[in-house]
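Below you'll find the structure, written out as structure tokens, and then a few comments.
The values are calculated or read from the model by the stated rules, or taken from the named source; none is laboratory data. For clarity, every value in this text was computed on a predicted model and none was experimentally measured. Methodologically, a virtual Cβ is constructed for each residue, glycine included, from the backbone with ideal geometry; neighbour enumeration extends over all protein chains shown.
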Amino acid sequence: MTKSIVLAVALMAAGGFAMGWLAFGSRARTALNPSAIETAQKNSARPVEVERRYVLRPEDIQADRETPALAVDDKGHVVVAWASQTGDLERTIYLLRSSDGGTNFAPPVPWRKVPIYKFQSKSPGKTMAFSTHVLPRLTASAGSIWLGWVEAINGGPDVRYLVARSTDGGTSFAEPVSVHGDKAVRPGFTSLSAGADGTLSASWLDGRSQGQQPFFSLGTKGANGFGTEELVFAGPDGKGICPCCDLSTARSPQGSTFVAFRNNDSGHRDIYIAQSESGEKVTFSPPIAVTPGHWKFEGCPHDGPSLALSGDRLHLLWMDAHTGKNRVYAASSELPSLNFSARELSQESKGAQGHPKLLADSSGTLHAVWDESLDPAPTAEGGHGGASHSHNATLSGGGRAIMYAISKANGEFGTARALAPHAGAFQLNPAIAVGPTGDVFVAWNELDTEGKQVVLVRLPPTEPNRR
């Protein structure tokens with residue numbers, strides 16, 4: 001596949017990728033926009049300690065939802081997971097592992113072949129083809145690492161959200177268990193998180209009632225099973241919510257559960273949070289809007305929220321384009337109330353932003369990552385009501401870089417910086433984890449004229465987070 005075709009295919013897919021397998025290693029770069037890269041490098045003063053790149057298959061460029069997952073357990077075992085197209089009706093989950101805190105990694109290994117189910121959706125005058133996605137998710141707590149993924153059983157219409165547990169740092173995993181019962185219909189846009197005691201929280205969208213609706217299931221501490229799934233919110237008039245944005249979950253030590261999602265209320269694509277109080281049965285109260293309805297957008301941005309708990313405060317990040325430009329916003333609320341005030345996370349940077357991820361480490365420090373254009377943000381199509389259906393960040397201009405910022409528990413973030421910018425490279429969909437000694441790990445997808453890669457970096461601990 002030629003360089004021009006690589007980017008042309010990516011542009012047609014609006015920046016959506018899935019990963020496949022070629023080889024490992026580094027490669028030369030072509031500087032396409034010196035002014036943009038110089039700007040990014042000025043905001044990248046603190047270098048990463050480790051940067052690893054894994055070259056991937058051109059066959060997977062058009063897939064738009066397979067992104068790397070990342071977790072670090074309390075002993076410093078690091079696991080990265082991604083899905084690669086290895087057949088017309090098959091993707092394979094690959095695992096990259098380190099047993100020494102991320103200093104050294106064994107070569108990635110194929111872990112599980114996952115069948116794909118292809119199906120069609122018909123509407124007046126239009127038939128659209130779809131397929132299931134693997135969507136690997138990783139989380140770690142209480143001496144365990146959990147891996148979640150979506151699998152079409154035997155390649156048929158019975159699609160399951162599965163979770164498997166590892167107690168040896170990701171070297172091996174137990175037999176998977178299903179997060180839900182038999183009524184789920186093609187679960188996707190999933191979330192997986194673990195509380196400090198090892199209790200798992202899983203959420204997803206599925207179409208059992210026609211429209212895409214969010215569901216939640218609580219796992220046992222040993223992940224030997226999950227309780228009966230609960231509907232989080234039926235959507236306005238029971239017709240579902242924004243159908244293509246990932247969910248996010250968090251669970252407090254007191255047992256309160258939170259699910260964040262992008263709603264679709266008369267075309268307003270704003271972020272809502274539903275809460276379930278502690279108790280044996282998870283039952284969600286009507287969700288509240290994080291911000292008043294103000295982003296009118298007749299389409300789905302494919303860009304969900306991210307939650308994190310730090311002490312007695314609930315924090316979240318999300319992308320919003322109500323101003324006409326795609327920007328990442330932050331908000332927090334003291335618990336048990338849910339009273340948020342939104343602000344731009346990084347006002348000093350001017351690029352188009354998206355796909356934020358938020359993590360609170362054991363010290364209470366908040367870590368935020370997102371992708372951002374190296375050029376100033378253009379006015380977003382559909383930002384004030386125009387129709388568009390975007391599967392990912394637009395690939396145009398000088399490229400996109402993964403940005404990183406930290407905050408104390410009050411939610412006020414410091415200056416953001418680009419982690420490993422390259423002119424002409426489009427870095428997207430970051431994942432983040434923090435190790436027991438304070439090292440920060442970030443993984444993302446990257447595309448340039450040479451093809452596709454998974455990139456993993458390790459950052460040294462920041463004071464006073466060095467442990």
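This table checks each residue for (1) part of a strand (DSSP E or B); (2) over 28 Å from PHE441 (Cβ atoms); (3) hydrophobic (A, V, I, L, M, F, W, C).
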site	(1), (2), (3)
ALA308	yes, no, yes
VAL328	yes, no, yes
SER337	no, yes, no
PRO356	yes, no, no
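I'm trying to understand the selection: among the residues of region 255-296, which are touching a His at 6+ places or on another chain (Cβ under 8 Å) and not acidic (Asp, Glu)?
Narrowing region 255-296 to residues touching a His at 6+ places or on another chain (Cβ under 8 Å): 268, 270, 293-296.
HIS268, GLY293, HIS294, TRP295, LYS296, listed by residue number.
Which strands (runs of 3 or more DSSP E) sit wholly inside region 382-467 and have at least 1 residues that are modelled with pLDDT of 85 or more, over 13 Å from GLU51 (Cβ atoms) and of a type in the set (Gly, Ala, Ser)?
The strands (runs of 3 or more DSSP E) meeting that bar are 400-407, 426-434, 451-459.
Scan region 254-262 and give yes if some residue there is among the charged types (D, E, K, R) and in contact with a Ser or Thr (Cβ under 9 Å, 6 or more places away or on another chain), otherwise no.
Among the residues of region 254-262, not one is among the charged types (D, E, K, R) and in contact with a Ser or Thr (Cβ under 9 Å, 6 or more places away or on another chain), which makes the answer no.
Only one of these is more than 22 Å from ILE241 (Cα to Cα), of a type in the set (S, T, N, Q) and crowded, with 20+ Cβ neighbours inside 10 Å: SER201, SER172, SER166. Name it. Lay out the reasoning, then the answer.
Working: SER201 fails: more than 22 Å from ILE241 (Cα to Cα); SER172 fails: crowded, with 20+ Cβ neighbours inside 10 Å.
Among SER201, SER172, SER166, only SER166 is more than 22 Å from ILE241 (Cα to Cα), of a type in the set (S, T, N, Q) and crowded, with 20+ Cβ neighbours inside 10 Å.
So which residues in region 113-149 are among the aromatic types (Phe, Trp, Tyr), crowded, with 24+ Cβ neighbours inside 10 Å and farther than 21 Å from GLY225 by Cβ, if there are any at all?
Result: no residue meets the conditions.
Can you tell me which residue within region 410-442, out of those that are surrounded by fewer than 23 Cβ atoms within 10 Å (Cβ to Cβ) and charged (D, E, K, R), is farthest from PRO68 (Cα to Cα)?
Step by step, filter region 410-442, then rank; the result is GLU412.
Across region 288-317, what is the number of residues that are out of contact with any Ser or Thr (no Cβ under 7 Å at 6 or more places or on another chain) and touching a residue at least 24 places away in the same chain (Cβ under 8 Å)?
Residues flagged as out of contact with any Ser or Thr (no Cβ under 7 Å at 6 or more places or on another chain) and touching a residue at least 24 places away in the same chain (Cβ under 8 Å) within region 288-317 amount to 15.
Restricting to region 213-249, and then to whatever is small (Gly, Ala, Ser) and more than 22 Å from VAL134 (Cα to Cα), can you tell me which residue is farthest from the chain's Cα centre (by Cα)?
Initially, region 213-249 is screened for residues small (Gly, Ala, Ser), giving 217, 219, 222-223, 225, 227, 234-235, 238, 240, 248.
From the residues that got through so far, the ones that are more than 22 Å from VAL134 (Cα to Cα) too are 222, 227, 234-235, 238, 240.
Values: GLY222: 24, GLY227: 24, ALA234: 23, GLY235: 22, GLY238: 26, GLY240: 21 Å.
The qualifying residue farthest from the chain's Cα centre (by Cα) is GLY238.
Right, ASP197: of a type in the set (Asp, Glu), at pLDDT 95 or above and in a loop (DSSP other than H, G, I, E, B) or not?
no
Report, by residue number, each residue of region 89-134 that is in contact with an Asp or Glu (Cβ under 7 Å, 6 or more places away or on another chain), assigned to a loop (DSSP other than H, G, I, E, B) and touching a residue at least 40 places away in the same chain (Cβ under 8 Å).
Restricting attention to region 89-134, the residues satisfying the condition of being in contact with an Asp or Glu (Cβ under 7 Å, 6 or more places away or on another chain) are 101-102, 113-116, 133-134.
Narrowing further to those that are assigned to a loop (DSSP other than H, G, I, E, B): 101-102, 116, 133-134.
Correct list: GLY101, GLY102, HIS133, VAL134.
Looking at (1) more than 25 Å from TRP111 (Cα to Cα); (2) touching a residue at least 12 places away in the same chain (Cβ under 8 Å), can you tell me which one THR190 breaks?
If we test THR190 against (1) more than 25 Å from TRP111 (Cα to Cα); (2) touching a residue at least 12 places away in the same chain (Cβ under 8 Å), just (1) comes out false.
Can you tell me which residue is farthest from the chain's Cα centre (by Cα) among those in region 269-283 that are farther than 19 Å from ARG313 by Cα and buried (at least 18 other Cβ atoms within 10 Å of the Cβ)?
Among those residues, the one meeting the criterion is VAL282.
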